[in-house]
Amino acid sequence: MKKIIALAGAFALAACGGAETEEPMEADAPEEATEAAPTAEMAGTYSRTDEEGVVRSTTMNEDGTWSSTEDGEPSGSGTWTTDTENGTCFTDADSEEEARCFITGELAEDGTMEVTNPDGETYTVTKAE
């Protein structure tokens, strides 16, 4: 199971996309819902420092809302969901654009996780304790 976390700035910390893989479906296999409600496991604050030294953080709340900061200043907010095909998807409250989705790796014991943004760039985020 993926541990999902979306994050900062590049997350803007909020967005949607990623590699999709096609798997053959059995004719009699029931269809599965692709969207899931936010969970306590995924909720939390994730951050990273980008190439320019800007600290980007995103807080994902259990109620499905998120907010982001860049160097401590508010930079966005909205709602988030998970999607079995696309990862963690963020919808910006101040935009009519579609959600941006991020593919995430497993949360490591040290609190880090690899995240791939919609542009295919991969970086490491750290979950606050």
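The values are calculated or read from the model by the stated rules, or taken from the named source; none is laboratory data. Because the structure is predicted, anything quoted here is derived from the model rather than measured. Heads up, the Cβs are rebuilt from the backbone with ideal geometry, glycines too, and the neighbour counts pull from every protein chain shown.
Couple of notes before you dig in:
- Residue check for residue 59: at pLDDT 90 or above and among the β-branched types (Val, Ile, Thr): yes
- Any hit, segment 102-110, residues being outside any strand (DSSP E or B), at positive phi, acidic (Asp, Glu) and without any contact (Cβ under 8 Å) to a residue 40 or more places away in the chain: no
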